[in-house]
Amino acid sequence: MKQLPLTGITVVSIEHAIAAPYCTRQLADYGARVIKVERTGTGDFARGYDERVKGISSHFVWTNRSKESIAVDLKTSTGLAILKQLIAKADVFVQNLAPGAAARMGLDWDTLSAAHPGLIVCDISGYGDDPQQPGPYRDKRAYDLLIQGESGFLSVTGTPEAPSKAGNSIADISAGMYGLTNILAALIQRNQSGKGRRIDISMLESMAEWMGYPLYYTFDGAVAPVRTGAAHATIYPYGPFPAQGDESVLMGIQNDREWQRFCQTVIERPELARDDRFAQNSSRVKNRALLREIIVSVFRDFSATELINRLEASQIANARMSDISDLWTHPQLTARKRWVDITTPVGKVPALLPPGIRDISDTQMMAVPALGEHTRKILKELNYSQQHINEMSTNNII
């Protein structure tokens, strides 16, 4: 067995959608054993989001590798007893059920910690689920797009005419990441104190933290940043610019020194560097429409490759406007050997090594499980007899 940072740690999770599965998949990446508890028949509803990966959901493949799936009916006393037996042997319990659902099953922090003082419990919800500080939104249903709206993210994302959601599940991802970091910190703390702790992750609070720059930009009643599409709202020029034909390039100028080099060597208009309308970032932002016209008038005579070469030579940050197909074949990911194969119920598919991991020997990247694939194996570990397992199967408990 590989000795990874979380080897020997067992995580039990009642999870669905993205936030909790993304958190626990990363714990698995670090070597933890993750037991995913799913409902019988359908399992995690993210299994049915689409069929884009050889018939399997793209979301599910992304967030569920390296886990073991046990399918049990938690509405039965036998199914709930199995779950509690698993939790008794676990280091970490994660859940993102509807508000109050875990507590109704006796899976709240007070009950679990009394029986298992070393257990770390991570509850992930839309608005937070602390009985001492419930807040008026505690029982409100929450999905990724809804939290993007509640957190103000939509107000600063999109065009002047219309807000736009992020192209991925950014609110779920932020909650999953804070679940991960808090669990890792709690494991370190437990090594020192021997005690577990409760982690209350709110999607709203996670996104509010990520909204820190717009929050402070509007400090003390100041005007909020406007929506500017793919361009930066408060730094200019910073964003996409059209090149020859239908091509585009992205570039970002962060300070006045870079602006001066850009004028000298990229657009060859050195007088603009001394123009009071453009000399400082605040004035460039104020006069962005005029400045864009000037830049576009030069860029339209060059291909994207020629412009990128000019920007590189001038040490101006730049990038291609890639689409998703470009990401699959990105030369940097290929050169750094970031792609490896993982197993799924329908065969092997490529997957990216986790950030910070140099090669596959430093991580755990096992199969994406079929629904209930490990149910019988796990029940045998809990000392259920074959006869009892067969009976539970006959009675649709597993």
Next on the checklist: Please determine whether any residue of the range 29-41 is in the same structural domain as Ile389 (by TED's automatic domain parsing) and under 15 Å from the mean Cα position of the chain (by Cα).
Outcome noted: yes
Next on the checklist: So, Arg33, is that one at pLDDT 95 or above, surrounded by fewer than 19 Cβ atoms within 10 Å (Cβ to Cβ) and not hydroxyl-bearing (Ser, Thr, Tyr) or not?
Outcome noted: no
Checklist entry - Name the residues in the range 290-329 that are farther than 29 Å from Ala351 by Cβ and of a type in the set (Asp, Glu), would you? => result Glu293, Asp301, Glu306, Glu312
Checklist entry - Looking at the range 24-65, which of its residues are in contact with a His (Cβ under 7 Å, 6 or more places away or on another chain) and part of a loop (DSSP other than H, G, I, E, B)? => result Asp44, Tyr49
Item to check | Cross-chain or 6+ apart pairs with Cβ under 6 Å, the range 166-192 first and farther than 14 Å from Pro21 by Cβ, then small (Gly, Ala, Ser) and in a helix (DSSP H, G or I) | outcome: Ser174/Ser206; Tyr178/Ser206
Checklist entry - What helices (runs of 4 or more DSSP H) lie completely within the range 181-285 and have 1 or more residues being of a type in the set (D, E, K, R) and within 26 Å of the chain's Cα centre (by Cα)? => result 203-210
Checklist entry - Any residue at all in the range 128-149 that is surrounded by 17 or more Cβ atoms within 10 Å (Cβ to Cβ) and either at positive phi or not assigned by TED's automatic domain parsing to the domain that holds Trp62 (or both)? => result yes
Checklist entry - Any idea which residue in the range 1-55 is nearest to Leu112 (Cα to Cα), counting only those that are among the small types (Gly, Ala, Ser) and touching a helix residue (DSSP H, G or I) at 6+ places or on another chain (Cβ under 6 Å)? => result Ser13
Checklist outcome for this item: Counting only residues that are of a type outside the set (Asp, Glu) and not in a loop (DSSP other than H, G, I, E, B), the range 66-101 contains a total of 21
Item to check | Selected residue (criterion: nearest to Glu312 (Cα to Cα)) from residues of the range 225-283 that are touching a residue at least 40 places away in the same chain (Cβ under 8 Å) and of a type in the set (Asp, Glu) | outcome: Glu258
Checklist entry - Does the range 316-346 hold any residues that are loosely packed, with under 11 Cβ neighbours inside 10 Å and of a type outside the set (Asp, Glu), and which are they? => result Ile324, Ser325, Leu327, Thr329, Pro331, Gln332, Ala335
Checklist entry - Among (1) modelled with pLDDT of 95 or more; (2) within 25 Å of the chain's Cα centre (by Cα); (3) closer than 30 Å to Asn96 by Cα, which single condition is Tyr137 missing? => result (1)
Checklist entry - Before we move on, is Ile253 at pLDDT 95 or above and not assigned by TED's automatic domain parsing to the domain that holds Asp130? => result yes
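The values are calculated or read from the model by the stated rules, or taken from the named source; none is laboratory data. What you are looking at is a predicted structure, and each value in this text was computed from that prediction instead of being measured. Positions of Cβ are generated from backbone atoms using ideal geometry, with glycine treated the same way; all protein chains shown enter the neighbour counts.
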